[in-house]
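Report on the structure given below.
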Amino acid sequence: TDLRPLDILSEVVPAGRLARGMRVFQVQGVRGFQLAASRPRALGFPASRLFIHCDRFPEEFSIIVTLRVLSVPAKRNEYVFTLMAEESPSVLVGLRYAPDKLHFLFWSQERAGGWQTRVTFPNVSLSDNQWHTLVLAVSGQSFSLTVDCSIPKDVVVETPFPASLSVKRASFYLGNRRRRKGVFTGLLRQLVLLPGADATPRICTAMNFKVATLSVPTVLQDLPAKPASNEVLKYPYETDTKVTLGSRPPCTKQEKAQFWFNASRRGLYLCNGSAWISMLEVKQRLDYVEEYQNLVTNSETMGVEVFTIPKVGLFAATANRYTPPGSAIYKWTDGKFVPYQNIPTYQAQSWKYFTIGKKIFLAVANFEQNDRGQEFSVIYKWSRRKEKFITYQRITTHSARDWEAFVIEGEAFLAVVNHREGNNHNIDSVIYRWNPRTGLFETNQTIPTSGAYDWEFFTIGPYSFLAVANTFNGTSTKIYSHIYIWLRGSFQLFQSILTFGAADWEVFRIGDRVFLAVANSHSYDSGMPAPSNFYAINSSIYELNITAQMFVKFQDLLTYSALDWEFFSVGDDSFLVVANSFDGFTFSVNSIIYRWQGYEGFVAAHHLPTVGCRDWEAFHTAEGSYLLYSSAKEPLSKVLKLKTT
């Protein structure tokens, strides 16, 4: 054999002619077959059409499936495909799905006494109405399942796959086992048999792992954006087109061909797989920025967090320097932020809003000890009855700078940045895991950091990453900051990047491209001659290089003790705003909004007067789009409104 891929799905639709009981359906911009249960035999074909030169099933092979599973009742099994002999009701080879399980079936006369062997992969959850690609690799007693190019699930069984399985007078059946019971009710896009090889390396090369392709029938492939002349659709299909209302939803390949109606701007938009395309409105563009609200704060503000509590409203939490009076939470009321709640804090540095199920939390990073000499940061929980945040859990920290909350494989985590302990900046920062039984966060992993300022969590495909901004190791700010990747239950070092007093990481996406920006605050090294200006240094933007599997430098931008980056969009335009805090002479420094201009990268577009700028937050309301900046040098933060044309 030449080990070519054998496209089972294409054999059911030769030359694009659909068998009876098949429909083409498009969901999330991706097409698949929907199968009817009324004529299961019509969805079959003789195995001899695939096995032309040999009537034996391969001993080693991979099966590649791309599907979208609907919700399956608890005790029901649905067949993806079967291979059955004409004179027997037994399944020679088959794949079926049950809730949270995948079963691979095969018949082995000589080793199992003529009984069917079932290989079960537990904890395979596919019933989320999303597309998934599975790769099942079989070799002897070893069976390996890879879902969306994540970590493989390996199973070894006593009975090996037969070395000589005859397919004489046998037929493949798509989505059934020759009966109406157990017919697959979801959508099938790809079903390929690859003899003699593990197909995972060939499949796991694209960015969108869930719809990775080895071979797809022509009728399911994307059509050209513009038909030639008066050509009509060659292959008609149906789609579950819907219109989304409200604030700007995400636009990815999953939302392709969906509509979004922006009521405030009376605009209708179509998702093309990466961006919202205006259908009935002139695209908005940022014209200028105007001062909208002077927000008087309890004291200087080190950080700000803007968040929305469902059915309650929009809020902003300021991390204020002094206690009393502590830090404050403001609520957006009649188009302005007004005081809502005061919380005692101790030189608070930042807030982090997050949810776990229906529980709503707000964590503060305290930099100093309380009046009793105790040093801890606090997690507050939203009380629906009191409509206030109340103390929930205290966690011992060391000059904490930042919290980051994230979820991996359904589990909730909270990571704290410990800046220093006494005069020692080289200490551990801690990642906590939520224990649903106790309802508390418990230590899961410690990571060595150096005067760290910030954590940034992000995902790329099935992989989870955590970047730390290391600022000072006791003698120098010219040190490495690190990016960690989640592997086998813990974070492991992925890449190190040289930074200069790094204070913030900001991850963002433009189309299919992934970027990571670092804010460098100052350049100091006790063993080197002093530079002419410690604070006028480049901050850098890095881009993920898929081939090299690392972030590579994309652009340098001159900044002045940069402490924060914030990414935001207006219409189809993308922007980055930097928090410039000090130029070596004064804290009254312009912070800059940079506009994305493709090949040119980010270009300065707006210069905003700020005083000791520490943090930026972008947010949207029904009235428009805004930026909020906090000042670490005066008890006054500002809300700026983005004026568009």
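Residue-by-condition table, conditions (1) among the basic types (K, R); (2) closer than 17 Å to G489 by Cα; (3) in a strand (DSSP E or B); (4) in contact (Cβ under 8 Å) with a residue 60 or more places away in the chain:
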position	(1), (2), (3), (4)
Y392	no, no, yes, no
I395	no, no, yes, no
H398	no, no, no, no
W403	no, no, yes, no
F406	no, yes, yes, yes
V430	no, yes, yes, no
T438	no, no, no, no
Q445	no, yes, yes, no
F457	no, yes, yes, no
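Inspect the stretch 283-304 for any residue being farther than 29 Å from S637 by Cβ and open to solvent by 20 Å² or more (accessible area, probe 1.4 Å) and give the result as yes or no.
Yes, the conditions are met somewhere in the stretch 283-304.
Hey, does the stretch 438-446 have a residue that's of a type in the set (D, E), over 20 Å from the mean Cα position of the chain (by Cα), surrounded by fewer than 22 Cβ atoms within 10 Å (Cβ to Cβ) and in the same structural domain as A317 (by the TED database)? Yes: the stretch 438-446 contains one or more residues that are of a type in the set (D, E), over 20 Å from the mean Cα position of the chain (by Cα), surrounded by fewer than 22 Cβ atoms within 10 Å (Cβ to Cβ) and in the same structural domain as A317 (by the TED database). The condition (being more than 21 Å from Y484 (Cβ to Cβ), β-branched (V, I, T) and open to solvent by less than 20 Å² (accessible area, probe 1.4 Å)) is satisfied by just one residue among V468, V378: V378. Go through the residues of the stretch 501-510 one by one and say whether even a single one is closer than 15 Å to M550 by Cα and either assigned to a strand (DSSP E or B) or touching a Pro at 6+ places or on another chain (Cβ under 9 Å) (or both). Yes: the stretch 501-510 contains one or more residues that are closer than 15 Å to M550 by Cα and either assigned to a strand (DSSP E or B) or touching a Pro at 6+ places or on another chain (Cβ under 9 Å) (or both). The number of residues in the stretch 567-585 that are open to solvent by 20 Å² or more (accessible area, probe 1.4 Å), over 19 Å from G501 (Cβ atoms) and either at pLDDT below 95 or of a type outside the set (G, A, S) (or both) comes to 3. Name the one entry in R23, R76 that is surrounded by fewer than 18 Cβ atoms within 10 Å (Cβ to Cβ), under 39 Å from the mean Cα position of the chain (by Cα), among the basic types (K, R) and outside any loop (DSSP other than H, G, I, E, B). Of R23, R76, the one residue that is surrounded by fewer than 18 Cβ atoms within 10 Å (Cβ to Cβ), under 39 Å from the mean Cα position of the chain (by Cα), among the basic types (K, R) and outside any loop (DSSP other than H, G, I, E, B) is R23.
The residues listed here are G501, G474, G489, G451; of these, the one that is open to solvent by less than 10 Å² (accessible area, probe 1.4 Å), over 18 Å from T559 (Cβ atoms) and of a type in the set (G, A, S) is G451. Strands (runs of 3 or more DSSP E) fully within the stretch 248-316 that include at least 1 residues being modelled with pLDDT of 90 or more and closer than 28 Å to P339 by Cα: 286-296, 301-309.
Scanning the stretch 171-187 for residues that are of a type in the set (F, W, Y), under 27 Å from R509 (Cβ atoms) and in contact (Cβ under 8 Å) with a residue 24 or more places away in the chain turns up nothing.
The values are calculated or read from the model by the stated rules, or taken from the named source; none is laboratory data. It should be emphasised that the depicted structure is a prediction, and the values quoted were computed from it without experimental measurement. With ideal geometry, Cβ positions are generated from the backbone for all residues, glycine too; neighbour counts draw on all protein chains shown. Accessible surface areas use protein heavy atoms only, side chains included; no ligands, DNA or RNA. Shrake-Rupley method; radii C 1.70, N 1.55, O 1.52, S 1.80 Å.
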